[in-house]
């Protein structure tokens, strides 16, 4: 019906713009469906991790910010002071958020088994799987030779995060329309 406001819980037909923008502000467009935002990864040395992800794996720097203690301490469940810096890197639509808490007494890395619930690994397609793995140590990482199955293998980033290296052909096959 024309002229009626949708009732509670109604989904608008098309992008929604914030009511009246204030002077100097920009209207906000709201999506009706969820959108992937980023993956957060806690690191111990921001410069080392940036170099690893940018120079070895081809990520591009997007932005960085010093995160305020309030209200981030509540959101993250970490007692202040946080001394947190976040760096955002992009690769092929994925945004990786490197989180570095510059403070004493952060928990150490804990090895996980692959079938433990939770995030198991990141996966990146590269030109040459073995050559990329061979260079991991230059950037503070580790190649896991025992995982080499020919077409894929794992490396660890400087803080121990598992990263699966796959050939670009694997990504191309994923992007192809299904039969």
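The values are calculated or read from the model by the stated rules, or taken from the named source; none is laboratory data. Only a predicted model underlies this, so the values are computations on that prediction, with no experimental measurement involved. Cβ coordinates were reconstructed from backbone atoms using ideal geometry, including for glycine residues, and neighbour counts include every protein chain displayed.
Within the range 130-137, is even one residue at pLDDT 95 or above, part of a helix (DSSP H, G or I) and more than 22 Å from residue 170 (Cβ to Cβ)?
Yes, because at least one residue in the range 130-137 is at pLDDT 95 or above, part of a helix (DSSP H, G or I) and more than 22 Å from residue 170 (Cβ to Cβ).
Please find, among 63, 74, 50, the residue that is within 17 Å of residue 156 (Cα to Cα) and either outside the structural domain of residue 161 (by TED's automatic domain parsing) or surrounded by 15 or more Cβ atoms within 10 Å (Cβ to Cβ) (or both).
Exactly one of 63, 74, 50 is within 17 Å of residue 156 (Cα to Cα) and either outside the structural domain of residue 161 (by TED's automatic domain parsing) or surrounded by 15 or more Cβ atoms within 10 Å (Cβ to Cβ) (or both), namely 50.
How many of the residues in the range 136-166 are surrounded by fewer than 16 Cβ atoms within 10 Å (Cβ to Cβ) and either closer than 16 Å to residue 48 by Cα or touching a helix residue (DSSP H, G or I) at 6+ places or on another chain (Cβ under 6 Å) (or both)?
4
Sort out which residues of the range 56-93 are out of contact with any helix residue (DSSP H, G or I) (no Cβ under 9 Å at 6 or more places or on another chain) and assigned to a strand (DSSP E or B), and write them in order of number.
Of everything in the range 56-93, those that are out of contact with any helix residue (DSSP H, G or I) (no Cβ under 9 Å at 6 or more places or on another chain) and assigned to a strand (DSSP E or B) turn out to be 62, 63, 65, 66, 86, 88, 90.
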